[in-house]
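Everything below concerns the one structure shown next.
The values are calculated or read from the model by the stated rules, or taken from the named source; none is laboratory data. Everything numeric in this text was worked out from a predicted model, so none of it was measured. Quick reminder, even Gly has a Cβ in these numbers, built from the backbone with ideal geometry, and neighbours come from all protein chains shown.
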Amino acid sequence: MMKSTLRKVALCLTTALAPVTGLGAQVLETETARLPQAGGIVLGQNFEFQTSNQGTEFALPTSFEFGLTDRLEFLMEPVAYTAIRPKEGTQATGVGDLETTLTYLVHREGTGSPAVALAGEIKFPTAKNSLIGSGETDYTGYFIVSKRFGRFDTHANFGYTILGQPEGVSVRNTFNGALACEYGLGSRSKLFAEALGVTAATPGEAAGSENPVAPELAGSELVGTVGVGTSIGSALFVSMGISYDNTQAILLRPGFILRLH
C-alpha cells in the first residue's frame, strides 16, 4: 500500500470532553508534535481503498496511541488485512507490516517558537507476502515541528529511513519530508491537507515504479491529500480523505478515532 512506501498519506481524530485539537496518526501521514497527555489512550481505524490503471488495493490500518508521559508517546500501527488486486499478474492477500514509533516532545510550543519533537520508528516485517512487505526490518528517524497560526495548525517533518535489504535486491536508504495544515471549522470540525514525498528505495527505478523482485520497494513518490473530519459526541472523530500521487493512483480513506482514556 501507499502507506508502506511513504510512510504514512491520509485521515482521522478524536478529543475527550473537549473541542477538536490535533489530528492523530490515522488522519495525517505527516508526523506531528501534538502528543496525547500522560495516560491517554487513542484508537484509530481506517478503511483504505486505492485504484489506479494497474489495479486496486484495500487495507485496514489501525493505530494505538499511548501517552506514556506528557512528553513521550508510544504508537503501534498494525495492518490487519491487505488485498492487492492488479489487473495483470499475481494477487496478494494477508496482514501488513507492523510499525512502532516512540516520539519525544523536545520543546513545547511558545508564542514565537514551534513545538519540536524527535521520533524513532521500527517497521517489523510481519507481512508474509513479498507483494505486501519487503520481509526486512526498517528503521526511521524523524525531526518534527508543529506551530499554530490562528485557526491554522501547521506541521512539517523530515525523516531518514535505513532499509533492510532483501536477498537479491539492491536498496538504498531513503529520505522523506512532509508538510500538513489543519483549518478549524468552528469547535468540532476541520479541513486538512498535506503533501509528502520519499526518495526511491531502489537505484535506477523510475518515479512510482516497483522493483520486480520486491514490489513493496518503490521508486520515488509524491502524494497530496485533502480531507474533512468532525466530532460526534465527546470522544469520537470521523473523517474522509482523498489522496492523489505521482503514479496517478487515487486513495480514498474514511476512518475514525476513538479516545479510550
Some residue of region 70-92 being surrounded by 16 or more Cβ atoms within 10 Å (Cβ to Cβ), in contact (Cβ under 8 Å) with a residue 12 or more places away in the chain and of a type in the set (Phe, Trp, Tyr): no
Residues satisfying the stated conditions in region 217-237, i.e. touching a Ser or Thr at 6+ places or on another chain (Cβ under 8 Å), more than 22 Å from Thr51 (Cα to Cα) and assigned to a strand (DSSP E or B): Gly229, Thr230, Ser231, Leu236, Phe237
Qualifying residue in region 169-176 (condition: among the aromatic types (Phe, Trp, Tyr) and touching a strand residue (DSSP E or B) at 6+ places or on another chain (Cβ under 7 Å)): yes
Every residue from region 77-96 that is outside any strand (DSSP E or B) and more than 20 Å from Gly55 (Cβ to Cβ): Pro78
Tally, over region 100-138, of residues that are outside any strand (DSSP E or B) and among the basic types (Lys, Arg): 2
Residues that are farther than 14 Å from Ser243 by Cβ, modelled with pLDDT of 90 or more and in a loop (DSSP other than H, G, I, E, B), drawn from region 17-67: Glu31, Thr32, Ala33, Arg34, Leu35, Pro36, Gln37, Ala38, Gly39, Gly40, Asn53, Gln54
Selected residue [of a type outside the set (Val, Ile, Thr) and at pLDDT 90 or above] from Asn246, Asn211: Asn246
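Only residues that are of a type outside the set (Lys, Arg), more than 15 Å from the chain's Cα centre (by Cα) and assigned to a strand (DSSP E or B): list them for region 238-259, please. Let's see the steps before the verdict.
Going through region 238-259, the residues of a type outside the set (Lys, Arg) turn out to be 238-252, 254-258.
Right, trim to more than 15 Å from the chain's Cα centre (by Cα) and you get 238, 246-250, 258.
Val238, Ile250, Leu258 - these are the residues of region 238-259 that are of a type outside the set (Lys, Arg), more than 15 Å from the chain's Cα centre (by Cα) and assigned to a strand (DSSP E or B).
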